[in-house]
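K.L.:
Before I ask anything, let me first share the structure, which is written out below as structure tokens.
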Amino acid sequence: MSETYLKKAAKTPQTGQDDTNDLVRNMLREIETEGEAKALEYARKLDGWEREVVVTREEIDQAEVLLSERTKEDIRFAHARVKAFAEAQLASMSEFETELSPGLICGQRLIPVNAAGCYVPGGRYAHIASAIMSITTARVAGVTHVTACSPPHGKEGVHPAILYAASYAGADTILHLGGVQGVAAMAFGLFTGQAADILVGPGNRFVAEAKRILFGRVGIDMFAGPTEILVIADESADPDIVACDLASQAEHGPDSPAWLISTSEALAREVIARVPDAIARLAEPNRSAATSAWRDYGEVIVVDTREEAVAASDRYACEHLEVHCQDLDWWLAHLRNYGSLFLGEETTVSYGDKCSGTNHILPTKGAARYTGGLSVSKFIKVLTYQRMTREANREIGAVTARISRYEGMEGHARSGDDRLGKYFPDESFDLGL
């Protein structure tokens with residue numbers, strides 16, 4: 001494979017990760033031990049929040065009044081598309097029952113988790129779309145109780161647009177809590193009495209670490225880090241559009257990787273030349289964040305063939321993957337590792353991030369090698385069951401007994417022995433004795 005780096009990143013998504021484990025673990029332990037009082041203490045200390053944690057109906061109504069009708073229409077627009085896509089995902093799943101051999105019937109059931117906790121970031125930006133993506137998907141899946149939490153926005157609490165979006169999407173309870181204390185409150189059922197079975201949603205490194213530590217005790221959507229974009233572009237791509245899209249994701253933060261793989265060196269060099277201008281169009285603090293991200297995490301690779309581009313892209317296994325190339329169906333058929341794929345100039349990560357329908361809560365740091373993003377299936381347990389006739393035991397019981405004895409598990413073998421002895425007292429079987 002021939003790969004030429006026109007720009008090599010000084011850092012990777014794994015660079016400079018502070019060891020937050022001890023801090024977060026201690027916070028979780030304190031909050032679990034001391035309960036709501038400790039969560040409130042952290043809310044006061046870290047966010048200056050002095051009021052009630054549970055959002056009231058009056059606060060939601062006040063938030064709605066503060067928003068323009070256009071903003072509310074846009075939120076409803078995004079919700080409708082995310083909901084429709086989630087409903088299509090649900091329709092693609094199915095329960096079934098099948099007879100594997102005479103009298104042996106096995107089946108599959110789809111049962112939603114009882115309670116979900118949805119974290120909605122609200123620090124640097126008011127992540128309206130994150131509320132829509134997580135809560136709507138949980139609701140479509142059939143989750144019984146959905147709790148959302150978001151950092152207080154100054155003394156006014158959760159940002160009004162997040163409040164409206166979370167309520168419209170169907171959250172049963174919304175908490176004025178962010179950070180580790182918000183994650184802990186949802187996991188332990190503080191303020192609601194509904195301990196989450198699964199925690200979902202993006203957040204900073206403290207939120208991500210809290211979810212990682214709690215994983216196993218509760219389910220989580222995925223291990224997530226700073227957002228990523230990778231663009232594959234050939235000679236047909238528009239360098240201005242590519243540069244704009246790279247800058248648009250870099251504004252998330254100074255540690256947000258933005259990568260370009262191109263089969264055209266001329267195109268790649270044009271993009272490198274234009275990214276600074278695309279970043280300069282941003283206002284502060286977005287401009288500084290994007291400048292740092294492109295400087296430290298930006299990478300540009302030139303390859304000879306589209307097959308090499310696919311191999312390089314799959315190695316990155318990025319969160320968001322845009323393809324600005326000819327023959328889009330070929331790329332769709334051959335690319336394998338990505339959180340979400342955006343085919344052609346006409347679409348962009350920003351559309352998926354905000355309102356086009358696919359979910360924007362996606363794997364980062366190479367996790368797309370083994371998992372996809374948030375979907376209805378994350379909230380649904382795929383459970384199996386079986387039943388069988390006594391006659392079916394004639395075959396299954398004997399095979400089970402023999403395999404168990406091969407393994408040295410006599411207790412398992414006797415489960416088959418005893419049934420065969422009861423159902424067929426006058427028959428002899430090869431039980432592996």
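K.L.:
Along each principal axis of its Cα atoms, how long is region 97-184 end to end? Whole angstroms, biggest number first, please.
P.N.:
67, 24, 20
K.L.:
If each Cα of region 191-251 is one equal point scatterer, what is log10 of I(q)/I(0) from the Debye formula at q = 0.24, 0.26 Å⁻¹?
P.N.:
The computed values of log10 I(q)/I(0) come out as -0.96, -1.05.
K.L.:
As I understand it, the value is the acute angle between the Cα axis of helix 36-47 and the longest principal axis of the Cα atoms of the chain; what does it come to in degrees, rounded to 10?
P.N.:
It works out to around 20 degrees.
K.L.:
Please work out how much accessible surface HIS159 shows to a 1.4 Å probe, ignoring ligands, DNA and RNA, in Å² rounded to 10.
P.N.:
50
K.L.:
In whole percent, and with a 1.4 Å probe on the protein chains, what portion of the accessible area of region 1-84 is carbon and sulfur?
P.N.:
Its accessible area is 47 percent carbon and sulfur atoms.
K.L.:
When only the heavy atoms of the protein chains count and the probe is 1.4 Å, how do TYR164, TYR351 rank by accessible area, highest first?
P.N.:
Highest to lowest solvent-accessible surface, that is TYR351, TYR164.
K.L.:
Return P(r) of region 205-288 (all Cα-Cα pairs; 5 Å bins starting at 0; whole %; ordered from short to long distances).
P.N.:
3, 14, 20, 16, 13, 11, 9, 7, 5, 2, 0
K.L.:
Just want the answer: with Cβ charges of +1 for Lys and Arg and -1 for Asp and Glu, which residue in THR348, LEU28, PRO363 is farthest toward the dipole's positive end in the chain?
P.N.:
The one lying farthest along the dipole's positive direction is LEU28.
K.L.:
Something else: Hey, if we sort ARG419, ARG402, ARG124 by accessible area with the 1.4 Å probe, largest down, what's the order?
P.N.:
ARG124, ARG419, ARG402
K.L.:
Now a separate question. Give me D for region 92-148 in µm² s⁻¹, whole number, from Stokes-Einstein with Rh from the Kirkwood sum over alpha-carbon pairs, 25 °C and 0.890 mPa s.
P.N.:
After rounding, the answer is 175 µm²/s.
K.L.:
Compute the FRET efficiency between ARG387 and ALA333 as 1/(1 + (r/R0)^6), taking r as their Cβ-Cβ distance and R0 = 51 Å, and round to the nearest 0.05.
P.N.:
0.80
K.L.:
Next up: Quick check: with the 1.4 Å probe, what order do LYS8, LYS83 take by accessible area, largest first?
P.N.:
LYS8, LYS83
K.L.:
Carbon and sulfur atoms: what percent of the 1.4 Å accessible area of region 304-375 do they account for?
P.N.:
47
K.L.:
Please state the charge dipole magnitude for the chain, taken about the Cα centre, from unit charges on C-beta atoms (+1 on K and R, -1 on D and E), reported in debye and rounded to the nearest 20.
P.N.:
For the chain, the charge dipole is close to 960 debye.
K.L.:
Convex hull over the Cα atoms of the chain, averaged projected area in nm²?
P.N.:
The number I arrive at for the chain is 26.3 nm².
K.L.:
What list of whole percents do you get for P(r) of region 270-322, with Cα-Cα distances grouped in 5 Å bins up to the one holding the largest distance?
P.N.:
4, 16, 21, 21, 18, 12, 6, 2
K.L.:
Could I ask something else about it? Going by alpha carbons, how many degrees (0 to 90, nearest 10) lie between the helix axis of 410-423 and the longest principal axis of the chain?
P.N.:
Taking Cα atoms only, the helix is inclined about 50 degrees.
K.L.:
Just for the chain, what percent of DSSP beta bridges are antiparallel, to the closest 5?
P.N.:
Counting only bridges with both partners in the chain, antiparallel ones make up about 35 percent.
K.L.:
Counting C-alpha atoms alone, how compact is region 289-433: give Rg to one decimal and Dmax as a whole number, in angstrom.
P.N.:
Considering region 289-433 through its Cα atoms, Rg and Dmax are 27.1, 82 Å.
K.L.:
Work out how far the C-alpha atoms of region 30-113 reach from end to end along every principal axis, then list the three figures in whole Å, largest first.
P.N.:
Computed over region 30-113, the largest-to-smallest principal extents equal 66, 45, 20 Å.
K.L.:
Once you order the gyration tensor axes a ≥ b ≥ c over the Cα atoms, which shape class does region 1-146 get: rounded for a/c under 1.5, otherwise prolate or oblate by comparing a/b with b/c?
P.N.:
The shape class here is rounded.
K.L.:
When each pair of different Cα atoms in region 363-418 is counted once in the 1/r mean, what is the Kirkwood radius in angstroms, to one decimal?
P.N.:
14.9
K.L.:
Just the number: Rg to Rh for region 301-353, Cα atoms, Kirkwood Rh, two decimals.
P.N.:
0.94
K.L.:
Any of LYS45/LYS354; LYS211/LYS365; LYS45/LYS365; LYS11/LYS354; LYS8/LYS354; LYS38/LYS155 with alpha carbons more than 21 Å apart? Name them for me.
P.N.:
Distance filter (> 21 Å) returns LYS45/LYS354; LYS45/LYS365; LYS11/LYS354; LYS8/LYS354.
K.L.:
Let me ask something else about it. What are the semi-axes of the equivalent ellipsoid of region 161-227, taken as the square roots of 5 times the eigenvalues of the Cα gyration tensor, listed largest first and rounded to whole Å?
P.N.:
Values for region 161-227, descending: 19, 15, 11 Å.
The values are calculated or read from the model by the stated rules, or taken from the named source; none is laboratory data. Note that this is a predicted model, so its numbers are computed, not measured. Every residue, glycine among them, receives a Cβ derived from its backbone with ideal geometry; neighbour counts consider all protein chains shown. Remember, those area values only see protein heavy atoms, side chains included, never the ligands or the DNA or RNA. Shrake-Rupley method; radii C 1.70, N 1.55, O 1.52, S 1.80 Å.
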